[in-house]
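Q: Provided herewith is a single structure, encoded as structure tokens, for subsequent inquiry.
The values are calculated or read from the model by the stated rules, or taken from the named source; none is laboratory data. What you see is a predicted model, and the numbers here were worked out from it, not measured in a lab. FYI the Cβ positions are ideal-geometry reconstructions off the backbone, even for glycines, and counts take in every protein chain you see.
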Amino acid sequence: MSIQIIIDSACDMTKEEAERNDLMFLPLRTNIDGTTYLDGVTVTHEKFYEMLAACSQMPVTSQLTPYDYIDAFKTALQKHDEILVITLSSALSGTYQSAVFAARESGCRIHIVDSLNASVGEQVLIRYALQLRDRGMNAKEIADALEQVKGRIVLLGVVDTLEYLLKGGRISKVSAFAGTMMKIKPILGLDDGRIVSLGKAHGAKQSCSNLNRLIEEKGGIDFTMPVMLGFSGKDDSHLQAYIESSRSIWADYIDKLPVCTIGSSIGTHTGPGTIVFGFFAKQQ
């Protein structure tokens, strides 16, 4: 039986790569100064950061609707026998709930997995699903396997600027001012699908060091599973510095770290200069 896997743009896989892997790509929406754009479709990741720097108001992101999924299901079932949906964390967006509602309305047996993750954390789960599909598993078998392993996913990130966390109401003006003066870079992660603070670093060098320390504290990276590094903005200098500083962690296992860019769905809330690392922790 043929399977259509449906993903959303918050995983930060490009539409082009999704289509190369026979994935249906559904873009979340970002409103910038009154105009709504489709993440990764009508605004590229690179173009978004140009617009972010010039916009007069904080962009606003919105979830996928049940109607988006209903249309997607109708299209998918024209060529495929089964559907598997992998979504952005239900704790961060109503996208998962939209998919569940649409599946009920469609009256079709559709398997939906809440990744409890975002960006590259969501993406490594999708890449694992692709491996399972290529092994010949059906949609239910893949969904069951994803449910078993998604708790091992670790998403860690370093935010370069506090400006967008402030604009999004994540921190106070006092905290943002003090953090900027002291060159503090927050280190963030996900816990049960929700954003949590894992510490602060003074400057880029310490943030890289702390990120590497947290990777080890989380159990280390299982390199038999997908791994992905992401960054936001047009300047990848922070990314390249981190890749060099983390070489001892990955160089014995892979030739290079796979890298993707962060789109508007996530970049609206982090701003440019953010580095995120998604991986499966080693089994204990």
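Q: Determine whether the stretch 49-61 contains at least one residue that is touching a helix residue (DSSP H, G or I) at 6+ places or on another chain (Cβ under 6 Å), in the same structural domain as Ile110 (by TED's automatic domain parsing), among the polar types (S, T, N, Q) and outside any loop (DSSP other than H, G, I, E, B).
A: Checking the stretch 49-61: at least one residue is touching a helix residue (DSSP H, G or I) at 6+ places or on another chain (Cβ under 6 Å), in the same structural domain as Ile110 (by TED's automatic domain parsing), among the polar types (S, T, N, Q) and outside any loop (DSSP other than H, G, I, E, B).
Q: Tally up the residues in the stretch 254-271 that are over 15 Å from the mean Cα position of the chain (by Cα) and of a type outside the set (D, E, K, R), please.
A: 2
Results for (1) modelled with pLDDT of 95 or more; (2) out of contact with any Asp or Glu (no Cβ under 6 Å at 6 or more places or on another chain); (3) within 19 Å of Tyr49 (Cβ to Cβ); (4) not assigned by TED's automatic domain parsing to the domain that holds Leu190, shown as yes or no for each residue.
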site	(1), (2), (3), (4)
Asn212	no, yes, no, no
Gly230	yes, no, yes, no
Gly233	no, yes, yes, no
Asp236	no, yes, yes, no
Thr268	no, yes, yes, no
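Q: Pull out all pairs, ordered by first then second residue, where Cβ-Cβ is under 7 Å, the residues are six or more apart or on different chains, the first lies in the stretch 265-279 and is more than 17 Å from Lys185 (Cα to Cα), and the second is crowded, with 24+ Cβ neighbours inside 10 Å and among the acidic types (Asp, Glu).
A: Qualifying pairs under 7 Å: Ser265/Asp39; Ile266/Asp12.
Q: Determine which single condition Val149 fails, assuming it passes every other condition in (1) modelled with pLDDT of 90 or more; (2) of a type in the set (Val, Ile, Thr); (3) in contact with a Ser or Thr (Cβ under 8 Å, 6 or more places away or on another chain).
A: Only one criterion is unmet by Val149, namely (3).
Q: Residues being crowded, with 16+ Cβ neighbours inside 10 Å and on the phi > 0 side of the Ramachandran plot: count how many of those fall in the stretch 90-122.
A: Residues flagged as crowded, with 16+ Cβ neighbours inside 10 Å and on the phi > 0 side of the Ramachandran plot within the stretch 90-122 amount to 2.
Q: Is there any pair with a first residue in the stretch 227-244 that is touching a residue at least 40 places away in the same chain (Cβ under 8 Å) and buried (at least 22 other Cβ atoms within 10 Å of the Cβ) and a second that is part of a helix (DSSP H, G or I) and among the small types (Gly, Ala, Ser) whose Cβ atoms are under 6 Å apart and which are 6 or more apart or on different chains, and what are they?
A: Close Cβ pairs satisfying both conditions: Gly230/Ser119; Ser232/Gly267.
Q: Within the stretch 40-74, can you find the residues that are more than 28 Å from Thr270 (Cβ to Cβ) and exposed (fewer than 13 other Cβ atoms within 10 Å of the Cβ)? Don't jump to the end; show me each part of the working.
A: Keep residues of the stretch 40-74 that are more than 28 Å from Thr270 (Cβ to Cβ), which gives 67, 70-71, 73-74.
Within the stretch 40-74, Tyr67, Lys74 meet the criteria.
Q: Step by step: first the residues of the stretch 7-39, then only those that are at positive phi and loosely packed, with under 15 Cβ neighbours inside 10 Å, then the one that is nearest to the chain's Cα centre (by Cα). Which residue is that? Break it down stepwise before answering.
A: Kept after step one, since they are at positive phi, are these residues of the stretch 7-39: 12, 22, 33-34.
Filter once more, keeping what is loosely packed, with under 15 Cβ neighbours inside 10 Å: 22, 33-34.
On the way: Asp22: 19, Asp33: 24, Gly34: 25 Å.
The qualifying residue nearest to the chain's Cα centre (by Cα) is Asp22.
Q: Could you tell me which residue of the stretch 65-97 is nearest to Ala10 (Cα to Cα), considering only residues that are in a helix (DSSP H, G or I) and free of Cβ contacts under 8 Å to residues at least 24 places away in the same chain?
A: So in the stretch 65-97, the residues in a helix (DSSP H, G or I) come out as 66-76, 95-97.
Now narrow it down to the ones that are free of Cβ contacts under 8 Å to residues at least 24 places away in the same chain: 71, 96-97.
Working: Asp71: 19, Tyr96: 12, Gln97: 15 Å.
Out of the qualifying residues, it is Tyr96.
Q: Can you tell me how many residues within the stretch 104-159 are hydrophobic (A, V, I, L, M, F, W, C) and in a helix (DSSP H, G or I)?
A: Final tally of qualifying residues: 13.
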